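Have a look at the structure below, then the notes.
Please treat every number below as a calculation from the coordinates, not as lab data. These numbers were taken from a predicted model, which means no experiment stands behind them. Every residue, glycine as well, gets a Cβ built from its backbone with ideal geometry; the counts of neighbours run over all protein chains shown.
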Amino acid sequence: MSRIVLSEEFRELCHRLRCQPATEGLQCWPVQQLQWLGQAGGWRWNMPIECGGLGCSAIELLEIYRDLSAACLTTAFVLTQRNAACQRLVQAERPLVSRSLLRDLASGQLQATVGISHLTTSRQYLSRPAVVAEPAAGGWCLTGVVPWATGAASSQLLVTGAVTADGLQLLVQLPLQQAGVTVGLPVELLGLSAAWTSEVHFEGVFVPQSAVLAGPCERVLSGGSAAVPAAGSLSTSAVAIGFGLGALAGFREEAELRAELRPFVQRFEVESEQLWQQLRVSAGVVGPGAVVSCCEGVPLTAEQVRTRSNSFALRTAQAWLAATRGAGYRSAHRASRAVRESLFFLVWSCPQAVLESQLQELTVDWSDEERRWRERGI
Ligand SMILES: Cc1cc2nc3c(=O)[nH]c(=O)nc-3n(C[C@H](O)[C@H](O)[C@H](O)COP(=O)(O)OP(=O)(O)OC[C@H]3O[C@@H](n4cnc5c(N)ncnc54)[C@H](O)[C@@H]3O)c2cc1C
């Protein structure tokens, strides 16, 4: 395990997040949690050392996302979106992003978020792109609606995308507090409302060429490291696995009181270890031999890891709820909340391949199981 997740201050942060009352509902933007995160160095983890950051490696960030998600999904999720924006700024094609801006991000003085799903997983069926970029003197003019931007109402900077008349994609950064930009009110959701996800509207917003991070080109978001929270990436899996581990911890508490639950806890424990190893193999941290069931030595793709991670998150939350019975179904119960939050993984950052695998899992074929019942005379 890496220096960060082993450090005393990180363990203390996770402990505090776990003990903090639930962050649920629009009125619960996690002010205190984010303050603790900053105090523990959270704004610096993914920033380059020369800009005041800690330059964490991809695997370190995956471990951080896992452990934070187990403690508080809202806080972890806000961080992933902020980090996605920062990492796109750091990786800009041309050295456009000033060192002082990166320093302000690393110190937490400046907050950024990302609204890029309309380039990958959202609004793909529309004939007109969600955000259109038209050439203007010295830059581009953006019009349209960014459908999703978490924490936008609390951020100063947005990394977002737009599509030109030729169908090419641009990745840009822009200040949120300027004429022509309207951050919508955060939306009440099935879960994670406290992460303040809103639409962002653009009405002819000028973006100078110096604020274009990449493009215009096809698939401007392709590439990037395992730890950049992109659609269906390993970092989204680390969040799902971590969340599942948090739910498993709740399920384990029930099993401490009831021995009949323990075999099921153990099965999840074995699964979680294998799954984390699968992720490490896919991230290139360890060789395929590290996982017994690793598809005959072939590492799983990021999308396959995500499918398995989603399944783990959903099943652990439901197992916990089942174990807590009617008491757990009360909306204030932690298991009830975990089930609501677990459904987030069905819709967040899921490329088509992940969606299809999920639907395969949900449309289960019972014929084999029924045959086994008959053979056993049930
Ligand atoms: C809580 C939360 C926070 C998020 N935060 C961020 C963020 O910070 N940054 C970011 O970039 N993204 C974010 N996302 C976006 C996320 O990653 C996905 O892109 C998003 O969940 C996809 O859902 P959508 O409704 O936009 O999909 P869409 O595919 O646009 O579907 C919208 C609706 O259109 C209809 N539809 C879909 N396909 C078709 C079709 N082929 N024909 C006709 N109708 C169709 C369906 O009825 C569907 O309900 C967030 C999502 C959630 C849920």
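In what sequence, highest mean first, do 213-222, 245-254, 188-197 appear when ranked by Cβ atoms within 10 angstrom? Walk me through the numbers on the way to the answer.
Working: 213-222: 16.7, 245-254: 22.0, 188-197: 19.2.
Highest to lowest by the protection proxy: 245-254, 188-197, 213-222.
The label point for VAL298 and the one for MET1, both projected 7 Å from the Cα toward the Cβ, are 3.4 nm apart. With R₀ set to 41 Å, the beta-carbon distance separating ALA259 from ASP368 gives a calculated FRET efficiency near 0.85.
Please find the FRET efficiency linking ALA249 to LEU185, where r is the Cβ-Cβ separation and R0 is fixed at 35 Å, and quote it to the nearest 0.05.
Working: r = 34 Å, r/R0 = 0.97.
The computed FRET efficiency comes out at 0.55.
Rank VAL270, VAL354, VAL205 by mean-square fluctuation in a GNM of the chain with C-alpha springs under 10 angstrom and give only the top-ranked residue. For the chain, modelled as a Gaussian network with Cα springs under 10 Å, the answer is VAL270. Shape descriptor for the range 338-378: Rg over Rh equals 1.23 (Cα atoms; Rh from the Kirkwood inverse mean 1/r).
Summing -39500 (n - 2.57) over the DSSP H runs of n ≥ 4 in the chain and dividing by its residue number, what mean residue ellipticity at 222 nm do you reach, to the nearest 500 deg cm²/dmol? Show your work: numbers first, answer last.
Values: 13 runs with 172 residues, N = 378.
The per-residue figure over the chain is -14500 deg cm²/dmol.
When only alpha carbons of the range 121-213 are considered, Rg and Dmax amount to 13.3, 43 Å.
Among SER349, SER107, SER210, the largest mean-square fluctuation in a Gaussian network model of the chain, built with springs joining Cα atoms closer than 10 Å, belongs to SER210. Based on the convex hull around the alpha carbon atoms, the chain presents an average projected area of 20.8 nm². Full extension of the chain between ARG18 and VAL145 gives 42.2 nm of extra length, using 0.36 nm per residue less the Cα-Cα distance.
Here each label is just a point 7 Å from Cα along the line to Cβ, and for LEU126 and ARG11 those points are 4.8 nm apart. Mind checking the angle between helix 73-90 and the chain's longest principal axis? C-alpha axes, 0 to 90 degrees, to the nearest 10. Result, in degrees: 40.
For the range 234-364, how big is Rg over Rh, using alpha carbon atoms and the Kirkwood form of Rh? Please list the in-between numbers first.
Details: Rg = 15.1 Å, Rh = 15.2 Å.
For the range 234-364, the value is 0.99.
The alpha carbons of the range 1-55 occupy a box of 37, 22, 15 Å along the principal axes, longest dimension given first. At full extension, SER98 and GLU361 could sit 90.0 nm farther apart than now, given 0.36 nm per residue minus the alpha carbon distance. What whole-number distance in Å separates the alpha-carbon centres of the range 1-44 and the range 125-142? Cα centres, the range 1-44 to the range 125-142: 38 Å.
For the range 1-115, what is Rg from Cα atoms divided by 2.2 N^0.38 Å, rounded to two decimals? Write out the running numbers ahead of the final one.
Numbers: Rg = 13.9 Å, N = 115, 2.2 N^0.38 = 13.4 Å.
Output field value: 1.04.
Translational D (Stokes-Einstein, µm²/s) of the range 37-102 at 25 °C and 0.890 mPa s when Rh comes from the Kirkwood sum over C-alpha pairs? D = 198 µm²/s.
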